[in-house]
Amino acid sequence: MVGLVDHVRNGFDPTHMLTDWDTGQTELLPDGRTLRTFTVEAIDKEIEIAPGLFFPAWTFNGRVPGPALRAREGDRLRIVFRNLGSHPHSMHFHGIHSARMDGVPGAGLIEPGEEFVYDFDARPFGCHLYHCHALPLKRHMHKGMYGLFVIDPDPSRHPENVEVAASRVLGSPENARWQEMAMVMNAFDTNFDGGNEVYACNTIGQAYMNVPIPVDKSRPVRIYLLNVTEFDPINSFHLHANFFDYYDTGTNLTPTLRTVDVIMQCQAQRGILEFSFADHEPGMYMFHAHQSEFTELGWIGMFDVRDPSA
């Protein structure tokens, strides 16, 4: 992969995607809860996934992955979905909701030019996803119709782990010390033969090799990691020269795995990684899939670990 992708032409930048949380529009309901409204549009769009290599994507809001939606446990969610694309689409959220809000063919697909409003409570807390559930499913997924969906825990509901819960609430004082990042592992079959030619984190091959991710070594790192890779049974994340704690699906406030440096995820599996470079010297620290083919075809990056004063 020689050269650079034109992020301006794409309309999205994988560096910005790391921290670009969509928290919607909020208002208070009569019962005191927060109503959080998101607007999501299906759009056909050609995107550049590697230098000079273009892919005819189906997108949510013109980007792949779609916007990283973020809410708080107990919020009422309203997702206004408009299909501006050329095929029937839907939105299926991994979470708890009624059948009529499930976004599967039986519950109703949204035809081109039509609109539907998904309405449900934000639960359970954790690291989730949404995606189109129209058939053929592998085509709609592979073409780019997926995104990260995070529900922060309500600390008042978790008195046994209130400090940990508070640290995950976007905008809280406890959360401010964390360096949080949204990472979606994906891949692209550019010749439509059922095998991927480009692998990536947040769509652009080698994006975080070309522009390493700056990390303040004095602050801990939290990654919301999601795998949506089609045509391969698993993907993986490996961190060089360090280890992390892992919260499978993010629905626990205590780690499901401690002190590991590689985790595997099948499609739709996700979790939260937490680690620190506090005891490391500054420098470039690699992360990548530990399938060599995936690494060599684009799924590789660097953390640029710096002193706070740098």
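The values are calculated or read from the model by the stated rules, or taken from the named source; none is laboratory data. Computed from a prediction, not measured in an experiment: that's the story for all the values here. Counting neighbours? That spans all protein chains shown, and the Cβs are built from the backbone with ideal geometry, glycine included. To get the accessible areas, we keep the full protein, side chains included, count just its heavy atoms, and leave off ligands, DNA and RNA. Shrake-Rupley method; radii C 1.70, N 1.55, O 1.52, S 1.80 Å.
Quick notes on this one:
- Computed over region 105-224, the ratio Rg/Rh where both radii use C-alpha atoms and Rh is Kirkwood: 1.05
- Using every pair of separate Cα atoms, the Kirkwood estimate puts the hydrodynamic radius of region 9-71 at 13.5 angstrom.
- Taking the accessible area of the chain, probe 1.4 Å, and keeping the other protein chains in place, the carbon and sulfur fraction comes to 52%.
- For the chain, a Gaussian network of Cα nodes joined below 10 Å ranks Q206, Q291, Q269 by mean-square fluctuation, and the top entry is Q291.
- At a probe radius of 1.4 angstrom, the accessible area of the chain per residue rounds to 41 square angstrom.
- Stokes-Einstein diffusion for region 221-269, with the hydrodynamic radius set to the Kirkwood value over Cα pairs and evaluated at 37 °C in a medium of 0.692 mPa s, equals 283 µm²/s.
- Spin-label model distance (nm) - M264 vs R177, 7 Å beyond Cα toward Cβ: 3.6 nm
- In a fully extended conformation the segment linking M286 and M209 would gain 26.8 nm over its present Cα-Cα distance, using 0.36 nm per residue.
- Rg/Rg_ref, region 162-310, where Rg_ref = 2.2 N^0.38 Å and atoms are Cα: 1.06
- Dimensions of the chain based on its C-alpha atoms, expressed as ranges along the principal axes with the largest first, amount to 54, 51, 33 Å.
- When only the Cβ of Lys, Arg, Asp and Glu is charged (+1, +1, -1, -1), the dipole of the chain relative to its Cα centre reaches about 460 debye.
- Distance in nm between pseudo-label sites at L135 and E115 (7 Å out along the Cβ direction from Cα): 3.0 nm
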